[in-house]
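What follows is a short report on a single structure.
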Amino acid sequence: MTSVQQRTSILVVDDETSLRQALRGSLAASGFAVEEARTGEEAVEFAREHSFDLVLLDINMRGISGVEACRRIRGFAPQTGIVMVTVRDSEDDKVRALEAGADDYITKPFLLRELVARLRAVLRRTHSDNGASGSILRAGNLELDVERHILRREGQEIHLSPKEFELLAFLMKNRDVPLTHIKLLRAIWGAEYGNELEYLRSYIRMLRKKIENDPAKPDYILTEPWVGYRFHNPSDPDSPKPQSDESG
C-alpha cells in the first residue's frame with residue numbers, strides 16, 4: 001500500500017479499467033494517494049484491510065452493486081468519506097446511495113475540478129465537526145444563534161417560526177451534505193413523516209423568502225432534484241455547488 005501519512009488516501013472503485021487508470025492519474029496529480037479496486041467485493045475487502053480517508057465508488061458494477069458495497073463499508077468504516085458515482089437522470093440511485101450511507105454523489109460526466117472539490121468537501125466534513133457543535137452558525141451574510149434561537153441577516157434580526165428555525169439549523173449544521181426529503185422530514189417533524197413532500201417544500205419556500213436575495217435563484221438552500229436539498233455557503237470557495245441547483 002502507498003504511504004498515506006502525508007497525502008489523503010482514496011480507494012477508486014470501478015470495473016472499467018480505462019476509467020480507473022484515468023482517475024488514478026488525475027487524482028494522484030491532485031495530491032491524493034490512490035489505490036484501485038475492480039469490483040464491489042474487492043472494494044469491501046480492501047477497505048477492511050486498510051484504512052482509507054475516502055472511497056470513490058461507482059454505483060453500477062458487476063457483482064455486488066455499488067450501493068451494497070457502500071452499505072457494507074459504512075458498517076465497519078463510519079469515518080470514511082464515501083462518494084458515489086451515479087448516472088445522470090437516475091435520481092432513484094442517488095437516493096439509494098445516500099440511504100446506504102454515502103456522504104455525497106457525483107454524476108457522469110463530471111469535470112476533475114468538480115470531483116476534487118466534492119472529495120475535499122467530504123473530507124473536511126468527516127475530519128471535523130464543521131462548526132456544527134458551536135452555538136453560532138455562520139454562512140455568507142447569515143448568523144444563526146442556536147442557543148438563543150435568533151437569526152440575523154446582514155446584522156438584522158429575521159423572525160422565524162420554531163419549525164423554520166429548526167429546519168434552517170439542521171441544514172446549516174449539515175453544510176454541503178445532500179439531505180433527502182425523507183431525512184429532513186423525519187429529522188424535523190418526526191419518524192412518522194416521510195411522504196409529505198409539499199409540506200417540506202412549503203417550509204423551504206418560506207425560508208428562501210427570508211434568507212435569499214432572490215428566492216427563485218437561491219444561494220443558500222439549493223435543490224437536489226428529486227432527492228432533497230443541500231445547504232451551500234456562498235462565501236466559502238471550498239463549498240462546491242451541486243451539479244444541478246435549480247430551485248424547487
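The values are calculated or read from the model by the stated rules, or taken from the named source; none is laboratory data. From a predicted model like this one, the values you see are computed outputs, not experimental measurements. Every residue, glycine among them, receives a Cβ derived from its backbone with ideal geometry; neighbour counts consider all protein chains shown.
One table, with the values for the structure above:
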{"quantity": "Filter pass, ALA47 being under 21 Å from GLU99 (Cβ atoms), part of a helix (DSSP H, G or I) and aliphatic (A, V, I, L, M)", "calculated": "yes"}
{"quantity": "Residue in the range 87-96 that is part of a strand (DSSP E or B), modelled with pLDDT under 95 and not basic (Lys, Arg) present", "calculated": "yes"}
{"quantity": "Test: residue in the range 118-129 that is among the polar types (S, T, N, Q) and farther than 27 Å from SER235 by Cα", "calculated": "no"}
{"quantity": "Close pairs (7 angstrom Cβ cut-off, 6 or more residues apart or separate chains): assigned to a helix (DSSP H, G or I) in the range 143-164, among the β-branched types (Val, Ile, Thr) anywhere", "calculated": "LYS163/ILE188"}
{"quantity": "Residue match in the range 200-210 (condition: assigned to a loop (DSSP other than H, G, I, E, B), free of Cβ contacts under 8 Å to residues at least 40 places away in the same chain and either in contact with a Cys (Cβ under 8 Å, 6 or more places away or on another chain) or surrounded by 17 or more Cβ atoms within 10 Å (Cβ to Cβ) (or both))", "calculated": "no"}
{"quantity": "Qualifying position, being in contact with a strand residue (DSSP E or B) (Cβ under 9 Å, 6 or more places away or on another chain), buried (at least 20 other Cβ atoms within 10 Å of the Cβ) and modelled with pLDDT of 95 or more, among GLY25, GLY40", "calculated": "GLY40"}
{"quantity": "VAL122 vs. criteria under 28 Å from PHE170 (Cα atoms), among the β-branched types (Val, Ile, Thr), at pLDDT 90 or above and outside any strand (DSSP E or B)", "calculated": "yes"}
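Yes/no matrix, rows are residues, columns are (1) among the acidic types (Asp, Glu); (2) touching a residue at least 12 places away in the same chain (Cβ under 8 Å); (3) in the same structural domain as VAL177 (by TED's automatic domain parsing); (4) within 23 Å of SER239 (Cβ to Cβ):
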position: ASP15; (1), (2), (3), (4): yes, yes, no, no
position: ARG24; (1), (2), (3), (4): no, yes, no, no
position: GLY31; (1), (2), (3), (4): no, yes, no, yes
position: VAL44; (1), (2), (3), (4): no, yes, no, no
position: LEU56; (1), (2), (3), (4): no, yes, no, yes
position: VAL67; (1), (2), (3), (4): no, yes, no, no
position: ASP93; (1), (2), (3), (4): yes, yes, no, no
position: GLY101; (1), (2), (3), (4): no, yes, no, yes
